[in-house]
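Chemist: This is the structure I want to talk about, given as structure tokens.
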Amino acid sequence: AGLDDLRAALRELRAAWSDVQGYLTDELFARPLSYERVYTLGEFELQRFMTDLRLDGSNHLGECILRKDGSVEYLKTYRLSAAQTRRAYLLEQLASQRWDLEATARALSTTKDALVLRLENAGFGYLLKPHVIEQAKRRG
């Protein structure tokens, strides 16, 4: 009976782990993903991916190694914190506007100065020239 008990315990553990995995990845697999092919070696391909960013929900990024037949050999995901999501969202908005501060500010329905201050507060001040930040602070 010892081996049967062990098998039953293993079945219960697998079922419980399946529930946990479903809970943790529910939004990940139900959301649109953007991905980038990073490297190819033989029949393997390294891809990095990210969910569409939602400021009011969970967001993930990760990487996977795929075989040419589509089978997953490795998968690692990271759940972004709210602060990481806000930072990623700002960068995504800037990139979508070709890093043009005026255009990005318009897309976010704000002013250029407010965007500059938001970038600095998010830790991206190093991307801007110091005089741009100082002007925004004076006017803001």
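The values are calculated or read from the model by the stated rules, or taken from the named source; none is laboratory data. Every value quoted in this text rests on a predicted model; they were computed, and no experiment measured them. Positions of Cβ are backbone-derived with ideal geometry, glycine not excepted, and every protein chain shown enters the neighbour counts.
Chemist: Pairs under 7 Å by beta carbon, first residue within 16 Å of TYR39 (Cα to Cα) in region 50-73, partner at pLDDT 90 or above and assigned to a loop (DSSP other than H, G, I, E, B), six or more apart or different chains?
Modeler: Matching pairs, first to second residue: ARG67/GLU43; LYS68/GLU43.
Chemist: Now for a separate question. Return yes or no: is LEU33 hydrophobic (A, V, I, L, M, F, W, C), over 30 Å from LEU127 (Cα atoms) and at pLDDT below 95?
Modeler: Details: hydrophobic (A, V, I, L, M, F, W, C): yes; over 30 Å from LEU127 (Cα atoms): no; at pLDDT below 95: yes.
Criteria not met by LEU33.
Chemist: Quick one: how many residues across region 47-73 are of a type outside the set (Ser, Thr, Tyr), buried (at least 16 other Cβ atoms within 10 Å of the Cβ) and either under 17 Å from LEU90 (Cβ atoms) or touching a Cys at 6+ places or on another chain (Cβ under 9 Å) (or both)?
Modeler: 6
Chemist: Restricted to region 102-115, and to residues that are of a type outside the set (Ser, Thr, Tyr) and without any contact (Cβ under 8 Å) to a residue 24 or more places away in the chain, which residue is surrounded by the fewest Cβ atoms within 10 Å (Cβ to Cβ)?
Modeler: GLU102
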